[in-house]
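Here the structure comes first, spelled out in structure tokens, and everything after it is commentary.
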Amino acid sequence: MDKIKVLFASSEVSPFVKVGGLADVVGALPVELNKDNIDARVILPLYKKIKIKYQDEMQFLGWKLVRMGWRSLYAGLFQLEKNGTIFYFVDNEYYFNFDQIYVEYVFDIERYCFYQRAVLDFMGDFMNFEPNVLHCNDWQTGMMPMLLDAHFKKHGYHTNVQTVFTIHNLKYQGVHATDVVREMLDLPDEYLRDEFCIKDRAINFMKAGIVFSNSVTTVSPTYAYEIMTDYYGEGLNYTLQKYAYKVSGILNGINDLEYNPKKDDKIPCKYDIKTYKKGKAACKESLQKQLGLEVNPGAPLCAMISRLVDQKGLDLLLYVLDEMLYDGMQIVILGTGDNYYERALVDTANRNPGKMCACIDFDSGLAHTIYAGADIFLMPSLFEPCGLSQLVSMAYGTVPVVRETGGLKDTVTPYNEFTGEGNGFSFANINAHEFLFVTKYACDLYRNHKDVWDKLIQAGMSGDYSWKKSAREYAGLYSLITGMPLPEEAKEEPKAEKKPEAEKKEPAKKAADKKPAEKKTEAKSAPAKASAKKSSKKPAAKKDETK
């Protein structure tokens with residue numbers, strides 16, 4: 001039986017280049033799928049830093065001219081194998097020979113138009129790989145399902161290629177003037193319609209991906225529901241409602257080879273669920289010394305590793321930060337972002353030496369030490385499609401405090417003092433004092449109820465946050481849209497008459513037929529809807545409710 005063949009297209013892929021969680025997903029998911037006997041490969045631009053680091057390991061497959069309006073431009077194709085997975089790289093120094101991944105928005109539109117056309121031109125005989133599924137990720141690949149239909153399938157090419165479009169963050173959509181994009185992509189007029197790719201009289205890459213793909217996924221079930229509402233829909237909620245039948249949410253996982261306190265060489269003391277008391281104490285002391293905090297094992301050490309932008313709830317944190325420090329918490333912030341938040345955090349840290357440290361940087365080694373040494377991990381996000389930090393923190397025995405949104409709601413079960421259940425703490429509304437009170441409650445349990453705190457740590461560390469389960473859901477989705485059986489089913493066919501068919505449909509249903517709208521009946525969805533009524537603009541809701 002033939003394997004299902006999947007080609008992932010993405011603007012960033014770990015470990016080659018990383019700006020956000022997109023890179024982690026596309027770096028880990030294909031590796032896990034290959035372990036499940038699915039032929040998954042990845043194609044991305046050949047950025048300058050990749051060429052410098054990996055040029056000796058790459059194999060040159062060839063080149064061709066790619067049309068971009070009136071121009072024909074060189075595109076080279078390189079290949080290397082890493083972690084049991086084949087990665088392809090599209091080369092063009094005019095577009096990708098920069099130190100940074102994303103350069104300037106208008107130019108980025110042009111760069112990723114070229115990238116998308118090159119991928120489709122290379123696909124098939126040129127790379128000796130004709131996928132059954134083209135898996136596109138975020139706006140940088142959003143036009144590919146439509147281009148596949150307009151330039152190839154209508155002319156008898158790639159007719160059996162199905163498409164999946166994954167929304168990692170709906171806020172960034174790829175919007176540009178219609179005439180400019182039409183010329184670069186050679187789009188027929190029949191495709192330039194409001195019901196296809198036009199929104200507010202401009203071409204919207206994200207909308208095109210939603211409309212033309214065979215299946216749309218998001219990175220958590222709750223986010224799949226949230227983006228169909230006015231508050232979280234970023235103007236595309238009505239389009240998503242129209243195509244709700246093909247929208248599903250599949251949780252991300254984490255790379256358990258990189259994030260494992262038992263094997264992590266980046267932390268001061270390794271530990272597991274049996275030795276976490278000694279290990280976390282050693283890591284906390286080392287972290288306090290390293291960052292100039294008072295060495296005090298009794299002080300709750302609260303940490304945040306994040307991009308410093310409004311989405312991450314920085315306004316909520318800043319509004320109550322002085323009160324948190326007055327309550328005896330130690331605060332550690334690691335990340336970069338908007339200048340306003342960077343300055344505000346540094347100013348507060350300078351006023352509170354020994355209690356707070358703001359590290360305006362990103363240091364992977366320090367991040368691992370923070371995950372291991374902190375007691376509480378803060379994620380007061382206004383919205384969070386999935387979130388990986390809460391999963392990493394729980395794997396390291398650091399208890400998360402999160403807002404009930406997106407993947408945070410799906411992965412963090414709030415502590416219930418009556419049943420003892422839970423692996424963290426959560427609050428519902430975009431409200432600074434609600435965030436403060438929940439964090440104070442967590443600190444009280446840390447100080448005065450060690451037995452409860454130990455159960456929370458153990459619940460977090462015993463969770464399975466790997467890609468195994470999510471990879472099986474994606475495999476089921478690929479099976480559904482292609483009609484091809486999963487590898488295990490092919491082996492089991494001779495054993496029973498009806499069982500294989502049942503097994504064939506069940507995993508696919510979990511991935512594709514799970515209707516996001518069904519989550520409306522959950523009690524915890526009410527706060528999200530309540531906050532939507534307060535304002536249709538996030539900044540206004542954020543400003544009003546932090547008072």
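The values are calculated or read from the model by the stated rules, or taken from the named source; none is laboratory data. Since the model is a prediction, treat every value here as computed from it, not as a measurement. Because the Cβ atoms are built from the backbone with ideal geometry, glycine has one as well, and the counts that use them run over all protein chains shown.
Residue count for segment 455-469 satisfying the condition of being under 13 Å from G422 (Cβ atoms) and assigned to a helix (DSSP H, G or I): 6. Among the numbered conditions (1) under 20 Å from S462 (Cβ atoms); (2) buried (at least 24 other Cβ atoms within 10 Å of the Cβ); (3) under 22 Å from the mean Cα position of the chain (by Cα); (4) among the hydrophobic types (A, V, I, L, M, F, W, C), the only one that A374 does not meet is (3). Could you count how many residues in segment 250-275 are over 21 Å from A475 (Cα atoms) and either in contact with a strand residue (DSSP E or B) (Cβ under 9 Å, 6 or more places away or on another chain) or not hydroxyl-bearing (S, T, Y) (or both)? The qualifying residues number 16.
If only residues of segment 142-157 that are more than 20 Å from E110 (Cα to Cα) and not charged (D, E, K, R) are counted, the one that is surrounded by the most Cβ atoms within 10 Å (Cβ to Cβ) is F152. Does E110 count as touching a helix residue (DSSP H, G or I) at 6+ places or on another chain (Cβ under 9 Å) and either modelled with pLDDT under 95 or closer than 25 Å to L29 by Cβ (or both)? No; evaluated as a whole, the condition is false for this residue. Summed over segment 145-189, residues that are over 15 Å from G124 (Cβ atoms) and either in a helix (DSSP H, G or I) or assigned by TED's automatic domain parsing to the domain that holds K312 (or both) total 14.
Does L287 fit the bill of being buried (at least 20 other Cβ atoms within 10 Å of the Cβ), part of a helix (DSSP H, G or I) and touching a Leu at 6+ places or on another chain (Cβ under 8 Å)? So L287 fits the description; yes. If you check T217, T229 for being buried (at least 18 other Cβ atoms within 10 Å of the Cβ), closer than 24 Å to T413 by Cβ and among the β-branched types (V, I, T), only one passes: T217. Taking the conditions exactly as written (surrounded by fewer than 17 Cβ atoms within 10 Å (Cβ to Cβ) and not in a loop (DSSP other than H, G, I, E, B)), does I86 satisfy them or not? Considered against the rule, which asks whether it is surrounded by fewer than 17 Cβ atoms within 10 Å (Cβ to Cβ) and not in a loop (DSSP other than H, G, I, E, B), I86 comes out as no.
Residues are listed down the side, and each one gets a yes or a no for (1) out of contact with any Phe, Trp or Tyr (no Cβ under 9 Å at 6 or more places or on another chain); (2) over 25 Å from E384 (Cα atoms):
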| site | (1), (2) |
| --- | --- |
| D2 | yes, yes |
| K5 | no, yes |
| S10 | yes, no |
| M68 | no, yes |
| S72 | yes, yes |
| T85 | yes, yes |
| I109 | no, no |
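For segment 92-114, the set of residues classified as assigned to a loop (DSSP other than H, G, I, E, B) and β-branched (V, I, T) consists of I101, V103, listed by residue number. Condition (residue is buried (at least 21 other Cβ atoms within 10 Å of the Cβ) and under 20 Å from the mean Cα position of the chain (by Cα)) applied to segment 186-206: is it met by at least one residue? Among the residues of segment 186-206, at least one is buried (at least 21 other Cβ atoms within 10 Å of the Cβ) and under 20 Å from the mean Cα position of the chain (by Cα), which makes the answer yes. Against the definition (within 18 Å of M304 (Cβ to Cβ), surrounded by fewer than 21 Cβ atoms within 10 Å (Cβ to Cβ), touching a residue at least 24 places away in the same chain (Cβ under 8 Å) and in the same structural domain as G397 (by TED's automatic domain parsing)), how does K455 come out, yes or no? Spelling it out, it is not the case that K455 is within 18 Å of M304 (Cβ to Cβ), surrounded by fewer than 21 Cβ atoms within 10 Å (Cβ to Cβ), touching a residue at least 24 places away in the same chain (Cβ under 8 Å) and in the same structural domain as G397 (by TED's automatic domain parsing).
If the condition is being of a type in the set (A, V, I, L, M, F, W, C) and either at positive phi or in a strand (DSSP E or B) (or both), then segment 190-214 contributes I198, A202, I203. If you scan segment 232-245, which residues turn out to be touching a residue at least 24 places away in the same chain (Cβ under 8 Å), buried (at least 17 other Cβ atoms within 10 Å of the Cβ) and not in a loop (DSSP other than H, G, I, E, B)? Answer for segment 232-245, where residues must be touching a residue at least 24 places away in the same chain (Cβ under 8 Å), buried (at least 17 other Cβ atoms within 10 Å of the Cβ) and not in a loop (DSSP other than H, G, I, E, B): T239, L240. One residue alone among K277, K266, K289 is over 30 Å from K468 (Cα atoms) and of a type in the set (K, R), and that residue is K289. Do we find that A299 is in a loop (DSSP other than H, G, I, E, B), crowded, with 17+ Cβ neighbours inside 10 Å and assigned by TED's automatic domain parsing to the domain that holds A367 in this structure? When the stated conditions are applied, A299 passes them.
With respect to being in a loop (DSSP other than H, G, I, E, B), touching a strand residue (DSSP E or B) at 6+ places or on another chain (Cβ under 9 Å) and not basic (K, R), V6 falls outside the description.
Of the residues L321, L325, L251, L293, the single one that is farther than 27 Å from T222 by Cα, touching a residue at least 24 places away in the same chain (Cβ under 8 Å), among the hydrophobic types (A, V, I, L, M, F, W, C) and in a loop (DSSP other than H, G, I, E, B) is L293. Would you check which residues across segment 133-162 are over 22 Å from M184 (Cα atoms), within 28 Å of the chain's Cα centre (by Cα) and without any contact (Cβ under 8 Å) to a residue 60 or more places away in the chain and list them? Answer for segment 133-162, where residues must be over 22 Å from M184 (Cα atoms), within 28 Å of the chain's Cα centre (by Cα) and without any contact (Cβ under 8 Å) to a residue 60 or more places away in the chain: just V161.
Residue count for segment 72-86 satisfying the condition of being farther than 17 Å from K51 by Cβ and either out of contact with any strand residue (DSSP E or B) (no Cβ under 9 Å at 6 or more places or on another chain) or touching a residue at least 60 places away in the same chain (Cβ under 8 Å) (or both): 2. Listed conditions (1) assigned to a loop (DSSP other than H, G, I, E, B); (2) within 24 Å of the chain's Cα centre (by Cα); (3) surrounded by 18 or more Cβ atoms within 10 Å (Cβ to Cβ); (4) not polar (S, T, N, Q) are all met by M127, apart from (2). When D327, D322, D361 are checked against the criterion of being among the charged types (D, E, K, R), farther than 24 Å from F437 by Cα and surrounded by fewer than 17 Cβ atoms within 10 Å (Cβ to Cβ), a single residue qualifies: D361.
Scanning segment 254-270 for residues being without any contact (Cβ under 8 Å) to a residue 12 or more places away in the chain and either out of contact with any Leu (no Cβ under 9 Å at 6 or more places or on another chain) or among the polar types (S, T, N, Q) (or both) gives a total of 5.
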